[in-house]
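Contents: one structure, followed by commentary.
The values are calculated or read from the model by the stated rules, or taken from the named source; none is laboratory data. This is a predicted model, so every value here is computed, not measured. Backbone-built Cβ (ideal geometry, glycine too); neighbour counts: all protein chains shown. These area figures cover heavy atoms from the full protein model, side chains too; ligands, DNA and RNA do not enter into them. Shrake-Rupley method; radii C 1.70, N 1.55, O 1.52, S 1.80 Å.
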Amino acid sequence: MTFMIDAWLDRPQPYLRILDRDSGRICAQLEAPAIHELQEQGDLDLASLSNSEPATLKELLHTLFLYYYARGLKA
């Protein structure tokens with residue numbers, strides 16, 4: 001399974017989605033509060049999103065998925 005990151009961080013209501021590249025299905029979606037928390041922790045920045053190195057993107061996806069599911073456990 002391959003993934004694609006769809007992020008609009010410079011909007012008044014920013015969001016970040018992780019999509020299944022083949023089906024287009026949304027696997028995870030983060031809204032403004034979660035994005036701000038990740039940025040404050042240093043786990044998300046524009047440079048990491050614009051990086052095209054596979055290892056860097058894989059690590060970013062791993063971090064985002066872990067955060068998304070951990071956040072879901074808190075709710």
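Calculate, for the chain, the solvent-accessible area per residue in square angstrom, rolling a 1.4 angstrom probe over the heavy atoms of the protein chains. Per-residue value: 69 Å².
Relative intensity of the chain on a log10 scale, I(q)/I(0) at q = 0.12, 0.20 Å⁻¹, equals -0.30, -0.88, per a Debye sum over C-alpha point scatterers of equal strength in the absence of solvent. Residues whose amide H falls under 5 Å from that of residue 7, counting only those 5 or more places apart or on a different chain, are 17, with hydrogens built in the peptide plane.
Where the centroid of each part is defined by its Cα atoms, how far is the stretch 15-30 from the stretch 38-75 in Å? With the stretch 15-30 and the stretch 38-75 each reduced to a Cα centre, they are spaced 13 Å.
Only DSSP H runs of four or more residues enter the estimate; each adds -39500 (n - 2.57), and after division by the residues of the chain the mean residue ellipticity at 222 nm equals -15000 deg cm²/dmol. As a fraction of the 1.4 Å probe accessible area of the chain, surface on carbon and sulfur atoms comes out at 55 percent. Note that the stretch 49-56 has calculated 3J(HN,Hα) couplings of 6, 8, 6, 9, 6, x, 5, 5 Hz, one per residue in order, obtained from phi through the Karplus relation 6.51 cos²θ - 1.76 cosθ + 1.60 (θ = phi - 60°); glycine and proline are x. Using the Karplus relation 6.51 cos²θ - 1.76 cosθ + 1.60 with θ = phi - 60°, the per-residue 3J(HN,Hα) values for the stretch 62-73 come to 4, 4, 5, 5, 4, 4, 4, 6, 5, 5, x, 5 Hz, with x marking Gly and Pro. If you plug the beta carbon distance of residue 59 and residue 23 into 1/(1 + (r/R0)^6) with R0 = 35 Å, you get a FRET efficiency near 0.90.
For residue 28, the residues whose amide H sits under 5 Å from its own are 18, ignoring neighbours fewer than 5 places away on the same chain, with H placed 1.01 Å from N.
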